Amino acid sequence: MIRSYLFVPADSERRLVKGADSGADALILDLEDSVAADRKAGARQTALAYLKQHAGAPSRPQLVVRVNALDTGLTDADLDVVVEGRPDAILL
């Protein structure tokens with residue numbers, strides 16, 4: 001059961017680490033609002049690396065990727081992270 005969600009900017013490795021230790025039931029790797037336009041590509045790479053490193057961990061929060069809106073033209077690139085990183089869920 002998910003009782004708490006924590007949004008974390010996917011362009012900050014430090015915040016992702018702190019978020020995982022927060023006790024939240026789900027960690028939302030945010031590629032949308034919390035990431036500046038010029039940092040989106042880097043955020044995708046950071047999110048993908050984080051997913052690959054933590055997806056198989058036995059005790060971890062649910063991992064969710066929040067992608068950019070369909071009308072931004074960024075969604076397809078975000079979904080490449082989802083396909084390769086295999087998070088537990090996608091948030092649009």
Given the candidates L48, L31, V81, the one whose Cα lies deepest towards the positive end of the charge dipole of the chain, counting +1 at each Lys or Arg C-beta and -1 at each Asp or Glu C-beta, is L48
Accessible area per residue in Å² at 1.4 Å probe, computed on the chain: 59
Connecting every pair of Cα atoms under 10 Å apart in the chain and solving the GNM, the largest mean-square fluctuation among A57, A43, A26 falls on A57
Counting only protein heavy atoms and using a 1.4 Å probe, what share of the accessible area of the chain belongs to carbon plus sulfur, as a whole percent? 51
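Quick one: net charge around F7, please, counting Lys, Arg +1 and Asp, Glu -1 for every other residue with C-beta under 14 Å from its C-beta. Spell out each step's value before the answer.
Numbers: positive: R15, K18, R66; negative: D11, D25, D30, E32, D33.
That sum, taken over residues with Cβ under 14 Å, equals -2.
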To the nearest 20 debye, what is the magnitude of the charge dipole of the chain about its Cα centre, counting +1 on the Cβ of each Lys and Arg and -1 on the Cβ of each Asp and Glu? 380
Using 11 Å as the cut-off for backbone N distance, which residues of segment 14-37 belong to the label zone defined by a point 7 Å from the Cα of R60 along Cα→Cβ? 20, 27
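The values are calculated or read from the model by the stated rules, or taken from the named source; none is laboratory data. Treat the numbers as computed from the prediction; the structure is a model and nothing was measured. Every residue, glycine as well, gets a Cβ built from its backbone with ideal geometry; the counts of neighbours run over all protein chains shown. Please note that ligands, DNA and RNA were not included when accessible areas were found on the heavy atoms of the full protein model with its side chains. Shrake-Rupley method; radii C 1.70, N 1.55, O 1.52, S 1.80 Å.
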